[in-house]
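Trainee: Pasting a structure here, questions to come.
The values are calculated or read from the model by the stated rules, or taken from the named source; none is laboratory data. Please read these numbers as outputs of a predicted model, since none were measured by experiment. Positions of Cβ are generated from backbone atoms using ideal geometry, with glycine treated the same way; all protein chains shown enter the neighbour counts.
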Amino acid sequence: MKKNILLIFTGGTIGSQLSGDTINTDGSAGFKLLQRFAEHDAKPDSVNFKTLQPVQILSENLHPSHWPQIIAAVETEDLSQFDGIIVTHGTDSLAFSAAALSLYFNGLAIPLLLVSSDLPLDNPQANGVANFLCAVEFIRQIGLAGVFVPYRNPGQAMLIHLGSRLSSCLPLSSDFISVQSQAWMCFENGCFHSLQNLAPGARAPIALKPDFSKRILLIRPYPGLDYAAYNLDKVDALLHDLYHSGTACASAAAGEQYSLVEFVKHCTRQGIKTYLAPALYSESAYASTRELLDVGAEMIWNTSLEAAYAKLLLAYGNFDTPQAISGYLAQNLAHEQLGN
């Protein structure tokens, strides 16, 4: 039986080609991907694709306002006519889009897979065709509802990541990992093998509007971070990244402008809520973490930075009261929370 797949092109390296010494998006690159699929797949005639291209950007240029365009491309279709959805996407912001789509489409009844390429498809070393072939095969063989990212790091096996747990690409490489280096499945010799005992798509869904707040400030920690440099006039909430141990500078020894504790107090006085991520929940915590929680910062436990950011954008775009926002953040919508 033929599988019907909604294929949405958004640009990225997989939708680009090299011209001279410059890589940029190209409108014909997506159809080159389909040509490569037909050349490499054993049963290309067993799949029907309907193609759309709502945006055409390099993913480093992605803005949260692009997500509603991708969502609209999906929701304007009669999804009962499709067995799965594939969204091609660049690698730079892939983890953020995977998290955003996982959380928004928390009640999706069919699989949605984001497919990227580490190099333009004309490069024989590119993994884009292999990632795409895996996505199609996932729809053929598994067909499980949820948002997933198939990706093969150079020299490694093909892995399938939960979209809500994908981490951003490792620095100075084209490698992707899931949080805690625990992918969901692997794909070898034409077969899928589970690596974690999870059932994506089994959660009670929450209907959301595709409204992503533009008033969430994300700050990453580093030694010497000066909080006095930030203007909070257009900020509703702050998400502060943490070091791997769930900490950030709580000391004012070098000056109050370098202390996150003092900055949280400053934000609170201006009516701005501070959230912290990522951190694993534990009965014990560093003194610096305790200080941050004691002054009113709220931890988004057991969740990647990318998923916490996307979740906050949806929370502040969809809910009006602190109680509703906190209630939404506490829910585990797409297995974004580890241990659940």
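Trainee: Quick check on S97: is it assigned by TED's automatic domain parsing to the domain that holds V147, within 13 Å of the chain's Cα centre (by Cα), of a type in the set (S, T, Y) and closer than 21 Å to L313 by Cα?
Mentor: yes
Trainee: Being over 17 Å from the mean Cα position of the chain (by Cα), crowded, with 19+ Cβ neighbours inside 10 Å and part of a loop (DSSP other than H, G, I, E, B) is the filter here; which residues of segment 270-284 pass it?
Mentor: A279
Trainee: Pick from A287, A307, A315, A324: which is surrounded by fewer than 17 Cβ atoms within 10 Å (Cβ to Cβ), of a type outside the set (D, E, K, R) and at pLDDT 95 or above?
Mentor: A324
Trainee: What number of residues within segment 77-115 are part of a helix (DSSP H, G or I) and out of contact with any His (no Cβ under 7 Å at 6 or more places or on another chain)?
Mentor: 13
Trainee: Is there a residue being of a type in the set (D, E, K, R), closer than 22 Å to S178 by Cα, at pLDDT below 95 and over 12 Å from the mean Cα position of the chain (by Cα) anywhere in segment 124-145?
Mentor: For segment 124-145, residues of a type in the set (D, E, K, R), closer than 22 Å to S178 by Cα, at pLDDT below 95 and over 12 Å from the mean Cα position of the chain (by Cα): absent.
Trainee: Continuing with this model, one more query. Tell me which residues, restricted to segment 41-59, are within 20 Å of K2 (Cα to Cα) and either within 28 Å of the chain's Cα centre (by Cα) or of a type in the set (S, T, Y) (or both).
Mentor: Selection gives D41, S46, V47, N48, F49, K50, T51, L52.
Trainee: Still on this structure, I have one more. Kindly check whether there is at least one residue in segment 259-268 that is at positive phi and either at pLDDT 95 or above or over 22 Å from the mean Cα position of the chain (by Cα) (or both).
Mentor: no
Trainee: Within segment 156-191, count every residue that is in contact with a strand residue (DSSP E or B) (Cβ under 6 Å, 6 or more places away or on another chain), among the small types (G, A, S) and surrounded by fewer than 20 Cβ atoms within 10 Å (Cβ to Cβ).
Mentor: 1
Trainee: Given the structure, is L121 in the same structural domain as A38 (by TED's automatic domain parsing), more than 19 Å from the chain's Cα centre (by Cα) and either under 19 Å from A334 (Cα atoms) or at pLDDT below 95 (or both)?
Mentor: The answer is yes for L121.
Trainee: In this structure, is V261 part of a helix (DSSP H, G or I), more than 19 Å from S164 (Cβ to Cβ) and in contact (Cβ under 8 Å) with a residue 12 or more places away in the chain?
Mentor: Yes.
Quick grid of which residues meet (1) touching a strand residue (DSSP E or B) at 6+ places or on another chain (Cβ under 6 Å); (2) surrounded by fewer than 24 Cβ atoms within 10 Å (Cβ to Cβ); (3) assigned to a strand (DSSP E or B):
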residue	(1), (2), (3)
S117	no, no, no
N123	no, yes, no
A126	no, yes, no
F132	yes, no, no
P154	no, yes, no
H193	yes, yes, yes
N197	no, yes, no
R203	no, yes, no
A207	no, yes, no
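Trainee: Of the conditions (1) free of Cβ contacts under 8 Å to residues at least 40 places away in the same chain; (2) part of a strand (DSSP E or B); (3) not β-branched (V, I, T), P221 fails just one. Which one is it?
Mentor: (2)
Trainee: Further question: Which of the residues belonging to segment 113-130 are under 16 Å from Q35 (Cα atoms), without any contact (Cβ under 8 Å) to a residue 60 or more places away in the chain and touching a Phe, Trp or Tyr at 6+ places or on another chain (Cβ under 8 Å)?
Mentor: Passing the criteria: only N127.
Trainee: Tell me which residues, restricted to segment 289-325, are out of contact with any Pro (no Cβ under 9 Å at 6 or more places or on another chain), over 13 Å from K273 (Cα atoms) and assigned to a loop (DSSP other than H, G, I, E, B).
Mentor: Across segment 289-325, the qualifying residues are F319, D320.
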